[in-house]
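The values are calculated or read from the model by the stated rules, or taken from the named source; none is laboratory data. Since we're looking at a predicted model, the values are computed, not measured. Here Cβ is always computed from backbone atoms with ideal geometry, including for glycine, and neighbour counts include all displayed protein chains.
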């Protein structure tokens, strides 16, 4: 079960139109609890509530030394600071799905594991979880540094080679899992889009907005502009796994 | 192996694209409901048993190797590779846990046999995770969130603990990158996702 809402930009804040129970919410946290029992698309009595950009949920597990960038790993930045790789979002809402959460995850590299998580995630829309039953939000946009995640990260027997590009200056796109996961390889970033509707995932891939530089993840999405007509081609070496994290 | 869809972003030419699927034994995420096994994802698939990895043997050996002898927990479904080459939505075959589901914290894995695996290489998959009881607001079992420990989220902790226990028992254990890193909202409102790693455990024939 997922939720979406009618959103419209009115001045500096987006406004969420919902029923009066939802309209009584004062904070995003409280609203989240109320929304868990409310199907917004069925609301009738309309009211309006300001929806602020969510706080960044800081899920960085690292020590001071892990803030150092090496050839194979970017240093971890906390959620309160700009990422040290170009990140992308869909702005403050997409296709009626409001931005509900921002996650900054950067794990301690483990010798026993072939990779670690290092991404900034924007989550759109809500869902209702239960005991022993997590739920998948309708849409999630994760950006990873391409030196840590790219097409080359996967076993060769799972991923065939890319088709020749029709345009040397364009980003590349790969579709996985029946369209529920799409990866966009652009410059020094890998944008991974997850969703429950392949059509929506595809539309999201065409609507990515680069975060303005030097802004923290929540400030960046609040300041983001329009999606550009194209995104740059992947940096040399990023599709073959030879891109160094040290630029 | 299905073809990989590649498009040029400027015009976003997805035309003619097909998709590469998750490692072909199953879909990437378990489901809370059966039916078409679509759009109700709950856990990332993060473990593979192979060789003598049929579901019955997998659950028995898991209990022996890890001590995860309890079998309580809610049912889930998964689209698994069928004998006819397609994919069918199956209810889990077994589950193993380190404690009952009312225990304050436990490791837990649900196991699905893969009917489409070859006779000389029976496979099963699972959703290993580390979870805790959250009593507030009627929550219940909640997988530990991202950043919970050096291993990562509760999904990463469960997978790593499973692998460590099998290594300690002398089994061959390897890891691969599967890329199923979507986040799942838990009943405490926090998010947990896998780092995309899958553990592969050989159960000798």
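Miscellaneous remarks
- Set side by side, the residues A:223, A:229, A:169 differ, and just one is closer than 20 Å to residue A:82 by Cα and either over 15 Å from the mean Cα position of the chain (by Cα) or surrounded by 24 or more Cβ atoms within 10 Å (Cβ to Cβ) (or both), which is A:223.
- Residue among A:236, A:228, A:213 that alone is outside any strand (DSSP E or B) and free of Cβ contacts under 8 Å to residues at least 12 places away in the same chain: A:236
- Single match in B:62, B:105 (criterion: touching a helix residue (DSSP H, G or I) at 6+ places or on another chain (Cβ under 8 Å) and farther than 15 Å from residue B:26 by Cβ): B:62
- Region B:99-205 holds strands (runs of 3 or more DSSP E) entirely within its bounds, and those carrying 3 or more residues that are touching a residue at least 24 places away in the same chain (Cβ under 8 Å) and either more than 16 Å from the chain's Cα centre (by Cα) or buried (at least 24 other Cβ atoms within 10 Å of the Cβ) (or both) map to B:105-113, B:124-126, B:129-134, B:140-143, B:191-193, B:197-203.
- Residue match in region A:195-203 (condition: under 30 Å from residue A:71 (Cα atoms) and in contact (Cβ under 8 Å) with a residue 24 or more places away in the chain): no
- Among residues of region A:106-128 being more than 21 Å from residue A:216 (Cα to Cα), in contact (Cβ under 8 Å) with a residue 60 or more places away in the chain and within 9 Å of chain B (Cβ to nearest Cβ), the one that is surrounded by the fewest Cβ atoms within 10 Å (Cβ to Cβ) is A:128.
- Taking the listed residues A:116, A:149, the one that is more than 25 Å from residue A:224 (Cα to Cα) and either part of a loop (DSSP other than H, G, I, E, B) or modelled with pLDDT under 95 (or both) is A:116, with no other qualifying.
- Candidate set: region A:184-198, residues that are assigned to a strand (DSSP E or B), closer than 20 Å to residue B:38 by Cα and in contact with a helix residue (DSSP H, G or I) (Cβ under 8 Å, 6 or more places away or on another chain); chosen: the one nearest to the other protein chains (Cβ to nearest Cβ): A:194
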